[in-house]
Each structure stands twice: as C-alpha cells, then as structure tokens.
Amino acid sequence: MRTTALNLASVIGGESLLRAANFLAVVVIARLYGAGVLGLYATVLAYATVAIMIAENGLQVSSITEICRSPQRINAIVTSVCALRLTLFVVMSALLAAVGWSRHWPPELWAIGFLVTLRVLLYSYSQLQFSVLKSLNRMSAIGPIQGVNFTFLLLGIVLVYHYHWTFDRLLFCFIASQMIEIALSLYTLGRSGIRPSRFYLSDWWHLLRRSTPVGLTYVLIGMTMRADVIVLSTSGSASDVGHFAAAHMGLVLLYSLSWLFTSVLLTDFTRLSDNAIELDHYTKRWTKFLLLAAGLGAIGFSWAAQPLLLLLYGKEFAIAGRLAGTMVLAVPFILLNALYLSRAVALGAARVYLGTYTATAVLAVSLDISMARVFGAMGIAVAIVIREVVTFLVFRIQSTRAQVSASQLTPLAVCESLETLDV
C-alpha cells in the first residue's frame, strides 16, 4: 500500500496541479471574456473531447494491461499503440473537418475548434506516454513532468490576465505547455529503455480487438459527462451554459482524477487477477476508504460551494455555487465507479463494464433532457447524482453475483474461471 500511495501522490499530485491551472484558466475566461465566450469554449471542448476519446479507442488503458501481461514485448507494444493511435487521430481529424465544412462553420469557430482540438489531442498523447510509465512502475516521474507543464501554463495564464491578451493566445499557452510535457515524457521513456520497434498489422488487429470494448466504455462515459453541457446548450442560452460550465468544470476535473486514480490501481488489479480472494479484499479496502473519505469531503464542499464560487467568479455566477453544491454529491460514486471499472477491465469482463455504461448512458441522457426541460440547469445537476448512484448499484449487483458464483467453486476452479467472472 505504501508504494501505491507514493505512486498515487505523484500521478494525482501532478494532474491536480494541471487541473488547478485549467480551472484558473476558466476563471480568467469568465472574467476577461464573459459567460458567452466561456459557454462557447465549454461547448467546443465537449465536442472535441468526445471526438478524441472515440479516436483513442481505449488504447490508453489497454496499453497498461497489455504491457503488464507481456513485459518482454514492451517495445513492440508501445510502437504499435502509438502508430495505431496516430492513424485513428488522423481519421477522426478528417471527419471533424468534414463536419465543420458541411455545417459552414464561421472562421472564428474554425479557429477556436482547431486550437481546442489540438490541445485535447496533445493531452491525450501525453496520457498515453504516462500509461507506459505506469506499466513500468516509473510513476514517480509523472508528477515532476506535470509540474514543469504547470509552471509554464500558470505563467502563460498570468500573462494573459495581466495584459488582457486575446482568447486565442490563451489557447496557444495551453498547446505550448503541453508540447513541453510530451518532450519530457519522451525523454523519460528513452531513459527507461523504450525504443521504436518493428510492428505488424496483425498487432494492430490484436490491439483493436482487446481495446475496443474499453474504448467504447470510456467514450460512453465521456459522452455522458459532456452531454450535460451539450443538452443544456440546446435548450438554454449561452449565459446559462456559461454558469453551468463554471460549476461543471470542477466535476470534469474530478472525473479525470478518478480515472487517473484507478489507472494506478489497474496495475495492482491486473497483478491480482489470478487470485480471486486477494482481489476481493483489495477491492473492499479501497471501497471502504473511498466511501468514508470522499463522502465526508463531498458533504463538506457542498456546504462551502456557494461562497467559494462567488469568490472565484464574482456575483454574476451566483447560481454556479448552488449547482456545484448539488453536483459534488456525486463525487464518491464517481470514484467508486472508476474503481469497479478498472477491476472489471483487469478481469477482462468486457460484457459487464460495456453493458453497464451503455445502459446508464441511455438513462443519463434521458434524465438530462427531461430534467433540463422542467428544472433547467439545476435539473441536470440532480440528474448527474442520480446516474452515478445507479451506475454504482449496477456494479455492486454484478460484483455480488460474481462472488456468489466464485464461492461455489473449488480454489483451483476459481483461478481457472476468472476470465468468465462478471466483475
């Protein structure tokens, strides 16, 4: 647990710094350019994130399990993953351009869309590099690398705010700092012995077959999360979306941190996947910890959200505090759902996690649409809490069924049947 704690400190600490800088950038956008520009930025970011997640196809998560299972082939696996991912990104970029051309986007939307998409793409590639470092147990290097990114990004944000630079300059700051992070990650991977290797198309097919269920699941999660803003943008004004986005950005941060948190645990889950008893004990320990720590933290922040967001954004964003106070109640369940998802991925239970998130995605979008019509932005905030609770309950039911099935097997049969466990 001590090693896991140190790895978590590096991974979560570094990402928290970057997310804090991103949150500061949102505050700067709100104060310099207003709720309308913030709403436009949030909407473009939502579409770009979903598109990049589709192109990512689960390779970020699958790369960890593939390397842990075949460490002797690490160079071939890394080369194949990077090449396949680049190909998928090129295809998705062409599709995005075709959509923009067919819908006759204005020049300013093209410019913002291009810069935001490039930034998300670079961030995604950087996370892939970090996945390789996680599989190598070099997670201690991730925090310092992201610390350098944070320093340059924070400097850029301060300069933008101080000199009242244009919005596109702020986006250029994001891109430049992300490229620095990628360069440092490549250097660290080289020092760890990672070298380009020959790959075959058959390797691509293997990776696609193993990663696609994971990719579809994370696309569903991302689409569900971004649908909150997208649905509101179809029924509310740009100002309404801006107020909602001010609160929702914090929740997006916590989603990202939950995935990073469980990506660290994924190596342990994969290692324990041949021991059903140890895996169950490991899961229970983290479940109890998250329920206690995240539950108390969510209740505390719910009370403090109103004055905190007023301090950050100003009186124009008073409603954002009430929205954030409601959304934060979903945080313990977001973390628990990420925990059970990583467990299912380590066990290869594609049917369980893909089926769970397909059903809850349909439920979530339906809730967003119906609640937004009646209660507006607050309705979507409540819908977020409901969907995360429902997802957790589904995972728990699946886990209970798996434990009952396992208890009816002999110890040898338990090990031999892990691949067929639901969770």
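The values are calculated or read from the model by the stated rules, or taken from the named source; none is laboratory data. Everything numeric in this text was worked out from a predicted model, so none of it was measured. Cβ placement follows ideal geometry from the backbone for every residue including glycine, while neighbour counts extend to all protein chains displayed.
Below is a table of values for the structure above.
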| item | result |
| --- | --- |
| Condition broken by Ile182, with the remaining ones in (1) surrounded by 19 or more Cβ atoms within 10 Å (Cβ to Cβ); (2) in contact with a Phe, Trp or Tyr (Cβ under 9 Å, 6 or more places away or on another chain) satisfied | (1) |
| Residue satisfying all of: in the stretch 66-92; more than 20 Å from the chain's Cα centre (by Cα) and of a type in the set (Val, Ile, Thr); nearest to His206 (Cα to Cα) among these | Ile77 |
| Scope the stretch 389-417; condition modelled with pLDDT of 90 or more and either polar (S, T, N, Q) or within 23 Å of Gly242 (Cα to Cα) (or both); matching residues | Thr391 |
| Filter result (in a helix (DSSP H, G or I), small (Gly, Ala, Ser) and in contact (Cβ under 8 Å) with a residue 40 or more places away in the chain) within the stretch 260-302 | Ser263, Ala276, Ala294 |
| Filter result for Val219 (closer than 28 Å to Leu6 by Cα and of a type in the set (Val, Ile, Thr)) | no |
| Residue satisfying all of: in the stretch 137-163; of a type in the set (Gly, Ala, Ser) and in contact (Cβ under 8 Å) with a residue 60 or more places away in the chain; surrounded by the fewest Cβ atoms within 10 Å (Cβ to Cβ) among these | Ser140 |
| Residue in the stretch 133-145 that is out of contact with any Phe, Trp or Tyr (no Cβ under 8 Å at 6 or more places or on another chain), within 27 Å of Tyr353 (Cα to Cα) and assigned to a loop (DSSP other than H, G, I, E, B) present | yes |
| Unique residue being under 30 Å from Leu207 (Cα atoms) and of a type in the set (Phe, Trp, Tyr) when the list is Tyr33, Tyr41, Tyr47 | Tyr47 |
| Test: Arg195 is under 28 Å from Val91 (Cα atoms) and surrounded by fewer than 14 Cβ atoms within 10 Å (Cβ to Cβ) | yes |
| Total residues in the stretch 198-209, condition touching a residue at least 40 places away in the same chain (Cβ under 8 Å) and either among the polar types (S, T, N, Q) or surrounded by 13 or more Cβ atoms within 10 Å (Cβ to Cβ) (or both) | 5 |
| Candidates Ile142, Ile157, filtered to the one that is within 30 Å of Gly193 (Cβ to Cβ) and aliphatic (A, V, I, L, M) | Ile142 |
| Filter result for Thr212 (among the hydroxyl-bearing types (Ser, Thr, Tyr) and without any contact (Cβ under 8 Å) to a residue 40 or more places away in the chain) | no |
| Meets criteria (of a type in the set (A, V, I, L, M), under 30 Å from Leu308 (Cα atoms) and assigned to a helix (DSSP H, G or I)) for Leu220 | no |
| Some residue of the stretch 320-343 being basic (Lys, Arg) and under 27 Å from Gly376 (Cα atoms) | yes |
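Residue-by-condition table, conditions (1) surrounded by fewer than 17 Cβ atoms within 10 Å (Cβ to Cβ); (2) over 30 Å from Ile67 (Cβ atoms); (3) of a type in the set (Ser, Thr, Tyr):
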{"residue": "Thr326", "(1), (2), (3)": "no, yes, yes"}
{"residue": "Leu329", "(1), (2), (3)": "no, yes, no"}
{"residue": "Leu341", "(1), (2), (3)": "no, no, no"}
{"residue": "Val345", "(1), (2), (3)": "no, no, no"}
{"residue": "Val352", "(1), (2), (3)": "no, no, no"}
{"residue": "Tyr357", "(1), (2), (3)": "no, no, yes"}
{"residue": "Ala364", "(1), (2), (3)": "no, yes, no"}
{"residue": "Asp368", "(1), (2), (3)": "no, yes, no"}
{"residue": "Met371", "(1), (2), (3)": "no, yes, no"}
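Residue by residue, here is whether (1) modelled with pLDDT under 85; (2) aromatic (Phe, Trp, Tyr); (3) within 21 Å of the chain's Cα centre (by Cα); (4) within 30 Å of Asn57 (Cβ to Cβ) holds:
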residue	(1), (2), (3), (4)
Ile299	no, no, no, no
Ala305	yes, no, no, no
Leu309	yes, no, no, no
Gly314	yes, no, no, no
Ala320	yes, no, no, no
Thr326	no, no, yes, no
Ile334	no, no, yes, yes
Val345	no, no, yes, yes
Gly355	no, no, yes, yes
